[in-house]
Amino acid sequence: MSSLKKIELGRNDLSGYIPPEISKLLSLSRVDLSENAFIGSIPSAIGGLTNLTILNLNFNFLSGCIPESVGNLTHLTVLSLSSNSLSGAVPAEIGKLENLSFLDLSHNALTDSIPSTIGSLSVLEKLSLNFNFLSGSIPESVGNMTKLTELYVV
């Protein structure tokens, strides 16, 4: 399975943990495990999937922090982690995802402030951070996001 490029298993009733061994599938460009019943944390080994362009894990029961290793996924255009139970801060490493056009972290339990590095996402068109427990102000660096057409932080 070393040449596997896509895992599209959304809208099923899959459960259990996302196995860290997924990181051995180095050719993956798309992972969609949305609308299932996965539990546990997002494995930090997912940061080894450096060819990923789409990572969709929304509508599961994932918990814990967003791993800092997500910053290694520099080819990502879509990152959707909404509607889980993710907690902790939005990692500053998110700012390394310079090809990202869609970022949805809404409907979780994220805390702390929005990292200023988010302003590095210069091609981002949609940013959803609403329905979390974020505090502080919106960073001035958001002004650098000239392609942004939708911003949700309520």
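The values are calculated or read from the model by the stated rules, or taken from the named source; none is laboratory data. Given the structure is predicted, the values throughout are model-derived calculations rather than measurements. So basically every Cβ, Gly included, is an ideal-geometry build from the backbone, and we count neighbours across all protein chains shown. Side chains are part of the model used for accessible areas, which takes the heavy atoms of the whole protein and leaves out ligands, DNA and RNA. Shrake-Rupley method; radii C 1.70, N 1.55, O 1.52, S 1.80 Å.
Counting heavy atoms of the protein chains alone, His75 has an accessible area of about 90 Å² for a 1.4 Å probe. At an R0 of 35 angstrom, the distance between the Cβ atoms of Lys24 and Tyr152 translates into a FRET efficiency of 0.50. Close Lys pairs in the chain (alpha-carbon distance under 26 Å; sequence gap of 8 or more, or different chains): 10.
Looking at the chain, which longest stretch skips every one of the trypsin sites (Lys or Arg not before Pro) that is in a DSSP loop with at most 13 other Cβ atoms within 10 Å, leaving the sites themselves out? Counting at most 13 other Cβ atoms within 10 Å as exposed, the longest clean stretch of the chain is 12-146. The calculated P(r) of the stretch 58-120, using every Cα pair and 10 Å bins from 0, goes 23, 58, 19 in percent.
Between Glu8 and Glu98, the simple spin-label model (points 7 angstrom out along Cα→Cβ) gives 3.0 nm.
Cα centroid separation, the stretch 58-107 to the stretch 113-137: 11 Å. Taking each residue as 0.36 nm, the span from Glu68 to Val123 lengthens on full extension beyond its C-alpha to C-alpha distance by 17.7 nm. Per residue, the Cα convex hull of the stretch 7-78 amounts to 72 Å³. If you build the Cα gyration tensor of the chain and take the root of 5 times each eigenvalue, what three semi-axes come out, in whole angstrom, biggest first? Rounded to whole Å, the semi-axes are 24, 18, 13. Spherically averaged projected area of the convex hull of Cα atoms, the stretch 74-154: 4.4 nm².
A 1.4 Å probe, protein heavy atoms only, puts the accessible area of Ser3 near 90 Å².
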